[in-house]
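Contents: one structure, followed by commentary.
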Amino acid sequence: MRPPEFWQNPPGAPGLRARMLAPLAALATQMTARRVARQAEVVPPVPVICIGNINLGGTGKTPVTIALAEKLSGRGHRVCIVTRGHGGSEAGPLRVDPHLHSANEVGDEALLHAAFAPTIVARDRAAGVRAVTGADVILLDDGHQNPAVAKALSLVIVDAARGFGNGRVFPAGPLREPVTSGLARADLLLSVGAAEPQDEFSRLWGHAIACPHVTGRLEPLATGMDWSGQRVVAFAGIGDPARFFATLDGLGADRAESLALDDHRPISDTLFKRLAARANALGAQLVCTEKDAVRLSADARVQVLTVPVRLVVDDWSELDSKLAALDL
């Protein structure tokens, strides 16, 4: 389900529908404020780094979590990722085994995370953190508005191109809480995007950013694949499918057709057969994101090429100093 267009109106001009929904947004804001004010249920013996957001939907938390897992593991730390998951077995806590579990059971993001660090899926984040063993640092995927676990470091991730939309709280806008209150609890804001969207984001929201602001971008991982002129049918069920399609264009692929799916949407055999038939009719190769690929059946997966992307941070020094303060 695509978000309504008025959510992306300029902050100073939210539009009539946003103003009509303002009372509901005010109620949601009050409820969130009461929730985040609660005392933490769990104070873990190791640092917890929360990778969260203020926006509803995807902002790039998964590649940020992966980048941090790689960075900390590379320094010799024992990392464990705790995530809510998206799937039938969300309740947990459940340690993810990529060889045993499917995306339907634990969620696509959890399977991606598990390739880089031990990962626990738990709808109750406090229970998930309690289930961690053998780690000296925990990465909490999402949970900026959840006070159940005491956090040593809170990062807020935002898509630079979409920013904070019209600046309104759901349902009047795309936010879980107001920008000011969300960033007041953040130790660092990481905006993800190319140079031009980053400049526009700073112009629109720079006045509201009271914490250190770091910029980064997603770049395709070098796999040796030459995409130049490759005719493709692309599909993506991520927070911003257009970002993936733009990546393919940037690689020089000949995008014959594209299908934007809802984030985390299961890819049934029927849907995949339709996609495969369309690609065959157009003489094209099916291509998707890593996140989509883990939702495919084993038979379908071998018929699809993926474009893995990784986070590139322009300057790690701000985050490195905060990690150093935690002896990380």
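All of the numbers you see were taken from the coordinates with simple rules; none came from a lab. In this text the structure is predicted, and so the values were computed from the model without any measurement. A quick note on method: Cβ atoms are made from the backbone with ideal geometry, for glycine too, and the neighbour counts reach across all protein chains shown.
Taking amide H as placed 1.01 Å from N in the peptide plane, the amide H of Asp254 sits under 5 Å from that of Gly229, Gln230, Arg231, Val232, each at least 5 places away or on another chain. What residue among Leu271, Ala18, Val312 has its Cα farthest toward the positive end of the dipole of the chain, where the charges are +1 on Lys, Arg and -1 on Asp, Glu, each on the Cβ? The residue sitting most towards the positive pole is Ala18. Annotation: the antiparallel percentage among DSSP beta bridges lying fully within the chain is about 15.
Counting only DSSP H runs of at least 4 residues, each contributing -39500 (n - 2.57), and dividing by the residue count of the chain, the helix-based mean residue ellipticity at 222 nm comes to -9000 deg cm²/dmol. For the stretch 92-226, a Kirkwood radius taken over Cα pairs fed into Stokes-Einstein (4 °C, viscosity 1.567 mPa s) yields D = 75 µm²/s.
What order do you get for 163-173, 143-153 when each peptide is scored by the mean count of other beta carbon atoms within 10 Å, highest first?
Put in order of decreasing packing, that is 163-173, 143-153.
Within the stretch 9-30, list the residues whose amide N lies under 12 Å from a label point set 7 Å along Cα→Cβ of His207. Only 11-13 fall inside the zone, counting backbone N under 12 Å.
What is the Å³ per residue value for the convex hull set by the Cα atoms of the chain? Let's see the in-between values first.
Values: hull volume 46.3 nm³, N = 328.
With only Cα atoms used, the chain gives 141 Å³ per residue.
Among the trypsin sites (Lys or Arg not before Pro) in the stretch 22-69, which ones are in a DSSP loop with at most 16 other Cβ atoms within 10 Å of the Cβ? Mind listing them? Walk me through the numbers on the way to the answer.
Working: sites: Arg34, Arg35, Arg38, Lys61; in loops: Arg38.
Hits after loop and neighbour filter: Arg38.
What the Cα convex hull of the stretch 231-307 gives, in volume per residue, is 72 Å³. Pairs of lysines in the chain whose Cα atoms sit within less than 26 Å of one another amount to 9, provided the residues are eight or more positions apart or on different chains.
Put simply, the amide H of Val309, placed in the peptide plane, has neighbours under 5 Å in Leu221, Glu290, leaving out anything fewer than 5 places away on its chain. In whole angstrom, how far apart do the alpha carbon centroids of the stretch 1-46 and the stretch 91-151 sit? Here the two parts' Cα centres lie 25 Å apart. On the beta carbon distance between Ser317 and His99, with R0 = 25 Å, the FRET formula returns roughly 0.05.
3J(HN,Hα) along the stretch 208-217, derived from phi through the Karplus expression 6.51 cos²θ - 1.76 cosθ + 1.60 where θ = phi - 60°, amounts to 9, 8, 9, 10, x, 10, 10, 10, x, 8 Hz, with x in place of Gly and Pro.
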